[in-house]
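Reading through the structure tokens given below for one structure.
The values are calculated or read from the model by the stated rules, or taken from the named source; none is laboratory data. Treat the numbers as computed from the prediction; the structure is a model and nothing was measured. Cβ sites come from the backbone with ideal geometry, for glycine too, and all protein chains shown count toward neighbours.
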Amino acid sequence: MKIARKILLFILIAIILILTVFCIIGYSTYSSALKDEPLLTRIDAITSRENFVKFSDLSEDYRNAVIAVEDHRFYDHGPVDFIAIARALYVNLTNWELKEGGSTITQQVAKNVIFSQEETFSRKLGEIFAAYDLEKNYSKNEILELYVNTSYFGDGYYGIYDASHGYYNKEPKDLTLDEASMLAGVPNAPSVYAPTVNPDLAKQRQSHVLNKMVEYGYISSEEANSIKNEID
């Protein structure tokens, strides 16, 4: 029993030390990224852009499509979704490949606004601290605004305003379900899913978005199938 207790104590101490190191790395990475320009200054520069699209000026179908495919528990969890992280770890470990990520929309905003797109361990840890800072200062709707206004949609279009006008020549509030579900899927991999790059893969991604919208109750299977039939 004494040996078992010593082993458990050793494991507990090791976990605490590892978590402490992770926190130091994450906070240091976040602080370094903000050295030249504070978070609120960066956000103010984005929201003051002429073509910044407010939450109320996004079509409901587009908002729902983004949440369904990117972070369906967005309004229910905090800055970090530990359930999604655990699920992603399980999927990736059981498949022996990086098939799924666990980043929330807030973490993706942190990446778009604060960090480079380079995938590093320290950056992922920094995102966590950034996400908590973002949700301390902004509402969920404001964070969703930031996400769609800072995402890259391929073909040189940064933000939903440029993407909506560039691909469909219309305001974001006027996007149909067909158009909204297409654009919602692009930022995951713009070089692959942009409609002008690979139409077939873009349509496959759109079908995935529609399936997620059905799964989480945003649209009916009949509505999804109607669009899929047009895609085919």
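Here are some notes:
- Among the residues of region 193-227, those identified as free of Cβ contacts under 8 Å to residues at least 24 places away in the same chain, surrounded by 15 or more Cβ atoms within 10 Å (Cβ to Cβ) and in contact with a helix residue (DSSP H, G or I) (Cβ under 6 Å, 6 or more places away or on another chain) are Leu201, Ala202, Arg205, Val214, Ala224.
- One residue from Ala163, Ala68, Ala131 being under 23 Å from Ser207 (Cβ atoms), buried (at least 23 other Cβ atoms within 10 Å of the Cβ), out of contact with any Leu (no Cβ under 7 Å at 6 or more places or on another chain) and at pLDDT 90 or above: Ala68
- Here Ala84 meets each of (1) at pLDDT 85 or above; (2) touching a His at 6+ places or on another chain (Cβ under 9 Å) with one exception, condition (1).
- Filtering region 166-192 to residues that are of a type in the set (Ser, Thr, Tyr) and surrounded by 15 or more Cβ atoms within 10 Å (Cβ to Cβ) leaves Tyr167, Tyr168, Ser181.
- Test: Asp200 is modelled with pLDDT under 90 and either under 17 Å from the mean Cα position of the chain (by Cα) or not basic (Lys, Arg) (or both): no
- Condition met for Ala110 (modelled with pLDDT of 90 or more, assigned to a helix (DSSP H, G or I) and closer than 20 Å to Tyr216 by Cβ): no
- Only one of Ile15, Ile25 that is surrounded by 10 or more Cβ atoms within 10 Å (Cβ to Cβ) and without any contact (Cβ under 8 Å) to a residue 40 or more places away in the chain: Ile15
- Test: Arg73 is in a loop (DSSP other than H, G, I, E, B) and at pLDDT 90 or above: yes
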